[in-house]
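A quick write-up on the structure given underneath.
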Amino acid sequence: MNDRVLRVQDLSVHFKVSEGGFFNSQAHVLKAVNGVSFDLSAGETLGVVGETGCGKSTLARAILGLIKPNRGRVLWLGEELGKLDEETLRQKRKDLQIVFQDPLAALNPRMTVRDIIAEPLWTFYPKIARVQVDERVRGVMKMVGLLPNQVNRYPHEFSGGQCQRIGIARALVLNPKLVVCDEPVSALDVSIQAQIINLLKDLQTKLGLSLVFIAHDLSVVRHISDRVMVMYLGCCMEISARANLYKRPLHPYTNALIKAVPVPDPKLARVDADTGLTGDMPSPLSPPPGCVFHSRCPQSVKRCKLEVPALRRMENGDWVACHRAEELDLTIGD
Ligand SMILES: Nc1ncnc2c1ncn2[C@@H]1O[C@H](COP(=O)(O)OP(=O)(O)O)[C@@H](O)[C@H]1O
Ligand code: SF4
Ligand SMILES: [Mg+2]
């Protein structure tokens, strides 16, 4: 998988926010995404994991060119999205689609399933014949496990899982090359989550899609990801091949997240009795100096408070931002 379609280089998205009351408000910079870099190959799935507020959705929007970065760039098939004029960027969006977290909220309640799924077709091909639209809509409905005879129904007539299938059908209707799934199963019952993950995995294989699959829990992305990126306070902590990450993570934060993953076998209960994490997540408005994770890291040493660890490539091809990656052995026991 050397055929890189997406390159994200040193991407930063900062928001200006004000704190305090009307008379004493103070302007701050919130670094929602801070210097994130990664590549994605054709047909590859990258899982992106991190706690709420760590910048996953902002990263998703920046990848799709929906939000302008303050620094860095996003290259899609070698072209920098930030340098394209509006019309060229709009055309590129055919290739780049998104699936949202809350399926019902993402669907217009006054539109039928046909119109919801067909809308991107009308937008990009205004002269397309109705019969062609119907054929394509029914085709993608079948592809995602919906009955084509439900085409005239409204979102509220469907379950959460079915609504997410409608969202996926809409994302696929233009035959995209990349789909960013922003916590597509977080709002669904646990029993439905696996069905949607399996559906996305099947579609990814069948259609050769590249996927960025965002979740706040490492267990959710485990079976779908080729590689996994772990984020903390807007920064990338680690990007590792799946087989390496779950067995021997490189970063203490990944290690803590793995220990916090619920285990399906009740006899094993949860293994998060001691994740080793200390304290709460700091405010993104005042991230700690040096390594952003140092205030909670059980492995922190003096250097960690002073120097920002660069994201660097290890011998096996995985990436980590930790001063002590070589000396720590974070192997996960059975
Ligand atoms: N438009 C915005 N203006 C100001 N702050 C924002 C905006 N969007 C997101 N944020 C802040 O940026 C940080 C990252 O948010 P987000 O990308 O939604 O995280 P996640 O998806 O990982 O939960 C949060 O602290 C959030 O409050
Ligand atoms: S650089 Fe230091 S504080 Fe940061 S993760 Fe590594 S050991 Fe922990
Ligand atoms: Mg989010």
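Largest accessible area first, the listed residues ILE224, ILE332 line up as ILE332, ILE224 when surface is computed with a 1.4 Å probe on the assembled protein chains. By a 1.4 Å probe calculation restricted to protein chains, TYR125 has an accessible surface near 100 Å², given to the nearest 10.
Ordering LYS31, LYS247 by accessible surface, largest first, gives LYS247, LYS31; the 1.4 Å probe counts only protein heavy atoms, with every chain in place.
Once all protein chains are placed together, GLU157 keeps about 90 Å² accessible to a 1.4 angstrom probe. Using θ = phi - 60° in the Karplus curve 6.51 cos²θ - 1.76 cosθ + 1.60, the 3J(HN,Hα) couplings for region 223-231 round to 7, 9, 8, 7, 10, 10, 10, 10, 10 Hz; x is entered for Gly and Pro. Overall shape: oblate for region 89-174, with the ratio a/c of the largest to smallest alpha carbon gyration tensor axis at 1.5 or above and b/c at least equal to a/b.
Under a 1.4 angstrom probe, counting protein chains only, how are HIS251, HIS323, HIS156, HIS216 ranked by accessible area, largest first?
HIS156, HIS216, HIS323, HIS251
Would you list the membrane-span-like helices of the chain, meaning whole DSSP H runs whose alpha-carbon atoms span at least 27 Å along their axis and whose mean Kyte-Doolittle value is at least -0.5?
none
Solvent-accessible area of THR123, all protein chains in place: 70 Å² (probe radius 1.4 Å, heavy atoms, ligands and nucleic acids excluded). Over region 61-138, the Kirkwood radius and the radius of gyration, each from Cα atoms, give a ratio Rg/Rh of 1.04. Working ranking of peptides 136-148, 301-313, 86-98 by packing, defined as the average number of other Cβ atoms within 10 Å per residue, highest first, is 136-148, 86-98, 301-313.
If you take every residue apart from SER295 with its C-beta less than 11 Å away from the C-beta of SER295, what net charge results, scoring Lys and Arg +1 and Asp and Glu -1? In short, +1. Here the chain was treated as a single set of alpha-carbon atoms; its pair distances binned every 10 Å from 0 give 5, 24, 31, 24, 12, 3, 0 percent. Summarising the amide proton neighbourhood of MET231: residues at separation of 5 or more, or on other chains, whose placed amide H is nearer than 5 Å comprise VAL49, GLY50, MET237. Mean sequence separation of contacting Cα pairs (under 8 Å, at least six apart), scaled by the length of region 18-86, corresponds to a relative contact order of 19 percent. When only Cα pairs below 8 angstrom with a gap of at least 6 residues are kept, region 35-147 shows a relative contact order of 13 percent. Could you tell me what percent of the DSSP beta bridges with both partners in the chain are antiparallel, to the nearest 5? Here the antiparallel bridges make up roughly 60 percent for the chain.
Summing Cβ point charges (Lys, Arg +1; Asp, Glu -1) relative to the Cα centre of the chain gives a dipole of roughly 600 debye.
Mean separation of Cα pairs under 8 Å and 6 or more residues apart, divided by the residue count, gives the chain a relative contact order of 19 percent.
The values are calculated or read from the model by the stated rules, or taken from the named source; none is laboratory data. These numbers were taken from a predicted model, which means no experiment stands behind them. Virtual Cβ from ideal backbone geometry, glycine too; neighbours counted across all protein chains shown. Accessible surface areas use protein heavy atoms only, side chains included; no ligands, DNA or RNA. Shrake-Rupley method; radii C 1.70, N 1.55, O 1.52, S 1.80 Å.
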